[in-house]
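Working notes, structure below.
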């Protein structure tokens with residue numbers, strides 16, 4: 001694991017406990033699969049990710065742990081957390097390549113690990129605001145709905161089409177929350193529906209989505225009207241001022 005990864009996690013505004021958990025999981029994976037940096041350079045990191053796959057069907061058929069990692073507890077939940085940690089680390093490595101922090105130009109671009117085009121298109125300022133939004137909403141998720149409970153271990157869940165900003169559940173099933181700092185256009189509809197479809201396939205549970213943005217274009221609002229499992233929520237920022245004493 002690269003020495004600057006902990007600092008990257010901090011910059012991403014993950015909670016302290018989440019940072020510790022992500023680092024622990026990467027070290028645990030490397031104990032069984034060797035350096036992830038070397039796997040990245042050699043083009044074998046996707047094979048590591050594939051080895052950490054364990055579906056609800058596998059769980060129903062009581063299949064054994066397919067990975068090299070030894071642990072106690074639920075196989076699917078454990079492997080999901082390790083897979084997410086590796087995919088997140090790969091996102092860090094790919095981003096580091098683009099910023100010339102490493103010399104290698106190799107990138108793994110399979111659907112599981114590829115950063116979505118929409119993520120790549122956002123400006124640094126918008127990305128920073130969306131990180132702030134996510135960190136704030138995680139601390140105050142019941143302000144969105146009192147029935148929601150976050151179930152992604154404090155970090156974006158990796159699915160085939162990208163990273164889900166926040167994954168929750170309530171009495172009716174799983175809830176995908178996607179955040180947009182400005183006005184959401186129709187691409188955001190495709191993005192969140194892709195996440196919902198991936199999550200439904202992985203978990204075999206009902207899934208609904210909440211798309212949160214400052215505003216929505218007309219095509220987005222029209223599309224949402226015919227998708228009963230998707231709701232749109234507008235956020236607002238309130239400024240308060242206090243005289244200096």
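The values are calculated or read from the model by the stated rules, or taken from the named source; none is laboratory data. None of these values were measured; they are calculated from a predicted model. No Cβ is skipped: glycine too gets one built from the backbone with ideal geometry, and neighbour counts run over all protein chains shown.
Observations on the model:
- Among (1) at pLDDT 90 or above; (2) touching a helix residue (DSSP H, G or I) at 6+ places or on another chain (Cβ under 7 Å); (3) surrounded by 17 or more Cβ atoms within 10 Å (Cβ to Cβ), the one test that residue 169 misses: (2)
- Boolean, residue 233 is surrounded by fewer than 18 Cβ atoms within 10 Å (Cβ to Cβ) and more than 30 Å from residue 10 (Cβ to Cβ): no
- Filter result for residue 94 (under 30 Å from residue 205 (Cα atoms), part of a helix (DSSP H, G or I), at pLDDT below 95 and outside the structural domain of residue 200 (by TED's automatic domain parsing)): no
- Filtered residue count, the range 213-226, keeping only those that are in a loop (DSSP other than H, G, I, E, B), at pLDDT 95 or above and under 24 Å from the mean Cα position of the chain (by Cα): 0
- The set of residues in the range 199-214 that are exposed (fewer than 15 other Cβ atoms within 10 Å of the Cβ) and free of Cβ contacts under 8 Å to residues at least 60 places away in the same chain comprises 201, 205, 206.
- Scanning the range 200-212 for residues that are more than 17 Å from residue 228 (Cβ to Cβ) and under 15 Å from the mean Cα position of the chain (by Cα) turns up just one, 202.
- Number of residues in the range 7-22 that are part of a helix (DSSP H, G or I) and touching a helix residue (DSSP H, G or I) at 6+ places or on another chain (Cβ under 6 Å): the value is 4.
- Flag for residue 182 being within 22 Å of residue 77 (Cα to Cα) and surrounded by fewer than 18 Cβ atoms within 10 Å (Cβ to Cβ): no
- The residues listed here are 190, 194; of these, the one that is assigned to a helix (DSSP H, G or I), without any contact (Cβ under 8 Å) to a residue 12 or more places away in the chain and outside the structural domain of residue 87 (by TED's automatic domain parsing) is 190.
- Subset of the range 1-26 (residues that are under 25 Å from residue 70 (Cα atoms) and in contact (Cβ under 8 Å) with a residue 40 or more places away in the chain): 1, 2, 5, 17, 18, 21, 22, 25, 26
- Any hit, the range 51-69, residues being within 19 Å of residue 159 (Cβ to Cβ), under 18 Å from the mean Cα position of the chain (by Cα), surrounded by 17 or more Cβ atoms within 10 Å (Cβ to Cβ) and in contact (Cβ under 8 Å) with a residue 60 or more places away in the chain: no
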